[in-house]
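Some notes on the structure that comes next.
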Amino acid sequence: MPDMMDWTDATPPDLANFEALALAAQEALPDAYREAARGVVLRVEDFASDDLLAEMGMESPYELTGLYDGIPLTEKSVMDQPQGPDTIWLFRRPILEEWADRGDVPLGRLIAHVYVHELAHHLGWSDADIAEIDRWWE
């Protein structure tokens, strides 16, 4: 029988663990994207706020795994008045739920996938651009 992890005392990763995994994904980006990514604030919460879910027309807090809040670089203008820092939000509990439901992908890879998807919104990437960095379907 193969070695099995002892889950007896295992607990789900906390917010800090999620942030560390997302930052590891950031550091793994090619140099050209890593610097831009470092200019975006990363926030990890258990769930999106009720106001945000209502604004997005979502009933269940498990529907939203991540969100980019800001103006994409391809749309920024020197005339824009900053409303706050560009931010990538990752929502721990919905990501954990998707991870458990899928059962076929390491948690760090799923967090990286959500992070890169949200970063793509910031950079104004096309689907082809995303595929170069995050070959999720493989």
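Quick note: the coordinates plus some simple rules give every number you see, no bench work behind them. Since this is a predicted model, take the numbers as computed values, not measurements. Glycine also receives a Cβ, built like all others from the backbone with ideal geometry; neighbour counts cover every protein chain displayed.
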The list (i) 145; (ii) 98; (iii) 111 gives values of volume of the Cα convex hull per residue in Å³, and only one came from this structure; which label was calculated from it? (i)
Could you work out the relative contact order of the chain, using alpha carbon pairs under 8 angstrom and six or more residues apart, expressed as a whole percent? 28
In nm, to one decimal, how far is the Met4 label point from the Ala20 one, both placed 7 Å along Cα→Cβ? 2.6
What order do you get for Ile130, Ile111, Ile71 when you list them from fewest to most C-beta neighbours inside 10 Å? Ile71, Ile130, Ile111
Point-charge dipole on Cβ atoms (K/R +1, D/E -1) for the chain, about Cα centre, debye to 20: 320
Interchain or long-range residues, amide H under 5 Å from Gly66's placed H: Phe91
From the Cα centre of region 71-107 to that of region 18-60, the distance in Å is 3
Each residue of region 87-99 in turn: what ³J(HN,Hα) in whole Hz from Karplus with 6.51, -1.76, 1.60 and θ = phi - 60°, glycine and Pro shown as x? 9, 9, 9, 10, 10, 4, 5, x, 5, 4, 4, 5, 4
Can you figure out the FRET efficiency of Met79 with Glu45, using R₀ = 25 Å and their beta-carbon distance, to the nearest 0.05? 0.20
Assigned charges on the beta-carbon of Lys, Arg, Asp, Glu; region 36-82 dipole about Cα centre (debye): 420
Amide proton proximity set for Val44, modelled H, under 5 Å, gap of 5+: Leu90
Taking amide hydrogens as modeled 1.01 Å from N in the peptide plane, which residues meet the under 5 Å criterion relative to Asp86, leaving out close sequence neighbours? Val41
Step through the residues of region 105-120 one at a time and calculate ³J(HN,Hα) from phi using the Karplus curve (6.51 cos²θ - 1.76 cosθ + 1.60, θ = phi - 60°), rounding each to whole Hz and writing x for Gly and Pro. 9, x, 4, x, 5, 5, 4, 4, 4, 5, 4, 5, 4, 5, 4, 4
Taking a point 7 angstrom from the Cα of Glu97 along the C-beta vector, which residues in region 43-79 have backbone N less than 19 Å away? 44-68
